[in-house]
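Everything on this sheet refers to the single structure shown next.
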Amino acid sequence: MKTLINFFVSIVLVSTLFSCSESVASMDEQDSNNRFTSSLNSKEVSNFSLATAGISNWMSGLENNTSISQISIPGTHDSGSTIEIPANSGTAKNQNLSISEQLNIGVRFLDIRCRHVNNSFSIYHGMISQNINFDDVLNACYTFLESHPTETIIMSVKEEYNPSNNTRTFEKTFDSYVQKNPSKWDLGNNIPSIGEIRGKIRLLRRFPAEALPKGIDVTQWADNTTFEINKDPNTAVKIQDYYKVSNNDTKWSYISALLNEAKSNSSGKLFLNFTSGYKPLLFGIPNIPTVSNNINPKVKSFFQSNTQGTYGIIPMDFVSAELAELVVKTNFSINN
C-alpha cells in the first residue's frame, strides 16, 4: 500500500514540475515577445498615426530621445542631379524629383555635390552642371523645415569637379552659406537624437575643415567599398558605397548585408547604405539606370518583406514615393 501511495505521489510531483516548467517557458516566451515589441515601439510616439500625420511629417511620430542611428531613413544619392547631357545617355542624371519633391515624399538624407566657382557653389555631377546652385538647394530645405518643424534633414556636402576663380577655401564658402541662416543648421559631430536636430539641417561633412566641430566628419571616405569611419561610438559611421558595379547581384549582396547588420546592431553606429551605382559600358562610359533598374525593385521587395526594424540611411537613385514610404514605415507599428 505504501509503495502504491509513493507511486501516485511521484506522478503528481512530476506532473507539477512539468506544469511549472511549461508555465515558466510560456512566461519567458511572453516576456521575450514583450521586449521585442517594446524595442520596436520605444522610438514611436504613443498613438501616432502615419496615415493621419502624412509622410511629409513622419518624424513627428518619433520620440525626441530616439537616435538617428535607431531609425530607417530614406535618402537620395546625387540629390540635385536631374539633368542629362546628352539626353537619355544615362551618365549624369540620378533623380527624377526636385529637392522639394524629395523632401515631401519622406526623403531625409540629401547628397549634395558642389562645384566651387567664383566663391560660390553650383550643383554638379562630375563635369555636368545641374543648372541649380546651393542657394536653390538650401531655400528648398529651409522652406520645407519652416512648414514641417518636426522634421530634420541630414545633408552630405562634397566638393565636385574642378574649382575655378576662387579667393577662399571651400570651407570658407560653405561657412558663408551657413552664416546667412545659422538657426537652420546643426554642426555637431555626434550621432544626434531626433530632438536635438528637429527643424534643422545636420551636416555630414565630406570636405576638409579647420574650424571644428563642423558636422559628422566622414572625410576619410574610402573608394568603392564598405568601410567604417570613427571608432568612437558617439561618432561611428559604417558606409557601403560600392558604386562601380560590374555585377548587380554582387552590388545587392553588399546592400543586403549592411541592411541586416544595421538591423541587428545596437552600438549606436550610424549606417549609410548606398543602393546607387553605375555600370561601365562601351569605352568605360558609365550608365546609371542599368544599376537602378535592377536594384530598386530589389529594395522594394526587401522592404515589402521586412516591414519593421532599424536599417540606417538608404540613399537611392531615382527614388520614388513608394520606395521612400516603404523605408519610412519600418519605423512604426504594423497598424500605421
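Per-structure values
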{"read-out": "Antiparallel DSSP beta bridges within the chain, percent to nearest 5", "value": "35"}
{"read-out": "Dipole-positive endmost among 291, 83, 245 within the chain (Cβ charges, Cα centre)", "value": "245"}
{"read-out": "Residue 223 accessible area, assembled protein chains, probe 1.4 Å, Å²", "value": "100"}
{"read-out": "Nearest-0.05 FRET efficiency for residue 179 and residue 146, computed from C-beta distance (R0 22 Å)", "value": "0.75"}
{"read-out": "Label-point gap, in nm, between residue 171 and residue 87 - each point 7 angstrom along Cα→Cβ", "value": "4.4"}
{"read-out": "Rounded accessible area per residue of the chain, 1.4 Å, Å²", "value": "47"}
{"read-out": "At R0 = 30 Å, FRET efficiency that the Cβ-Cβ distance of residue 135 and residue 234 yields, to 0.05", "value": "0.40"}
{"read-out": "Mean Cβ count within 10 Å, highest first, over the residues of peptides 307-313, 272-278", "value": "272-278, 307-313"}
{"read-out": "Set 93/231; 184/329; 43/279; 184/244; 93/200 screened for pairs whose C-alpha atoms are more than 31 Å apart", "value": "93/231; 43/279; 184/244"}
{"read-out": "Cα-projected label distance for residue 244 with residue 293, points at 7 Å along beta-carbon direction, nm", "value": "2.4"}
{"read-out": "Helix-only mean residue ellipticity at 222 nm for the chain, each DSSP H run of n ≥ 4 adding -39500 (n - 2.57), per residue, nearest 500", "value": "-11500 deg cm²/dmol"}
{"read-out": "Whole-number percent relative contact order across the chain, with pairs defined as alpha carbons under 8 Å at least 6 apart", "value": "20"}
{"read-out": "Of all accessible heavy-atom area on the chain, the percent that carbon and sulfur account for (1.4 Å)", "value": "51"}
{"read-out": "Chain lengthening between residue 47 and residue 222 when straightened (0.36 nm per residue, less Cα-Cα)", "value": "58.8 nm"}
{"read-out": "Extension gain, residue 120 back to residue 322 (0.36 nm per residue minus Cα-Cα distance, nm)", "value": "69.2 nm"}
{"read-out": "Cβ-derived FRET efficiency at R0 22 Å, residue 304 paired with residue 57, nearest 0.05", "value": "0.40"}
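The values are calculated or read from the model by the stated rules, or taken from the named source; none is laboratory data. What you are looking at is a predicted structure, and each value in this text was computed from that prediction instead of being measured. Cβ coordinates were reconstructed from backbone atoms using ideal geometry, including for glycine residues, and neighbour counts include every protein chain displayed. In case anyone asks, the SASA skips ligands and DNA or RNA and just uses the protein heavy atoms, side chains included. Shrake-Rupley method; radii C 1.70, N 1.55, O 1.52, S 1.80 Å.
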